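The values are calculated or read from the model by the stated rules, or taken from the named source; none is laboratory data. Since the structure is predicted, the reported quantities are computational estimates derived from the model, not experimental observations. Every residue, glycine as well, gets a Cβ built from its backbone with ideal geometry; the counts of neighbours run over all protein chains shown. With ligands, DNA and RNA removed, areas are computed over all heavy atoms of the protein, side chains included. Shrake-Rupley method; radii C 1.70, N 1.55, O 1.52, S 1.80 Å.
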Amino acid sequence: MTKTNAIRILEKANIKFDTAEYTVDESDLSGVHLASVLGMDPDNIFKTLVCVDDRGNHHVFCIPVAYELDLKKCATVAKVKRVEMIHVKELLPLTGYIRGGCSPVGMKKKFPTYIDETAALFDKIYVSGGMRGLQIIIDPVVLGEFVEADFADLTK
């Protein structure tokens, strides 16, 4: 298994998780494609998106890969006027992760984190393991507690 920062952090904290590795198709980094590669329900695979609010603070949102972030709902949950997605070029310097490999675990800095409430429907969800081609399979409640996330309705 590839050891990313996210994997090392979970192991150090004695958090129970599994991993799934897959071959990356650079022409299609969509989570729906990933779900088909892994033979999984796309509702069970979560992407990690980073936003900035009107005050310049960053927020992390984990939502099912086939859905779109509802920025109004996210602003309400984050208790700010508005949020918008950060530019892809800001992702690596801000989080330490690249597009398609951004994990809610092990970012350079701790940001307020929110997980879509549908995660609670599953015993295990998939989130990025910190690089393209690696997924962490984890109990959503355990993940939420570990990253101190709130669960909320975040999608359109």
- So how many residues does the range 17-43 have that are touching a Ser or Thr at 6+ places or on another chain (Cβ under 9 Å) and either closer than 22 Å to MET107 by Cα or in a loop (DSSP other than H, G, I, E, B) (or both)? 2
- Item | Criterion (farther than 19 Å from ARG132 by Cβ, of a type in the set (Asp, Glu) and within 14 Å of the chain's Cα centre (by Cα)) met by exactly one of ASP54, ASP43 | ASP43
- Query: Of the residues that make up the range 131-154, is at least one in a loop (DSSP other than H, G, I, E, B), in contact with a Gly (Cβ under 6 Å, 6 or more places away or on another chain) and touching a residue at least 24 places away in the same chain (Cβ under 8 Å)?
  - Reply: yes
- Note on the structure: Just one listed residue, out of GLY144, GLY133, is modelled with pLDDT of 95 or more, over 12 Å from PRO64 (Cα atoms) and open to solvent by less than 10 Å² (accessible area, probe 1.4 Å), and it is GLY144
- Message: For the range 1-31: of the residues being farther than 15 Å from LEU134 by Cα and open to solvent by 70 Å² or more (accessible area, probe 1.4 Å), which is modelled with the lowest pLDDT?
- Response: SER27
- Mind telling me which of the residues TYR97, TYR114 ends up being among the aromatic types (Phe, Trp, Tyr), more than 14 Å from ILE45 (Cβ to Cβ) and either free of Cβ contacts under 8 Å to residues at least 24 places away in the same chain or part of a loop (DSSP other than H, G, I, E, B) (or both)? TYR97
- Query: So which of ILE115, ILE98 is of a type outside the set (S, T, N, Q), in contact with a helix residue (DSSP H, G or I) (Cβ under 6 Å, 6 or more places away or on another chain) and either under 18 Å from ASN14 (Cα atoms) or surrounded by 22 or more Cβ atoms within 10 Å (Cβ to Cβ) (or both)?
  - Reply: ILE115
- Item | Cβ-Cβ under 7 Å pairs, at least 6 apart or on other chains, the range 62-74 side of a type in the set (Ser, Thr, Tyr), far side open to solvent by less than 70 Å² (accessible area, probe 1.4 Å) | TYR67/THR155
- Item | Matching residues, the range 60-82, being open to solvent by less than 10 Å² (accessible area, probe 1.4 Å) and not in a helix (DSSP H, G or I) | VAL60, PHE61, CYS62, ILE63, PRO64
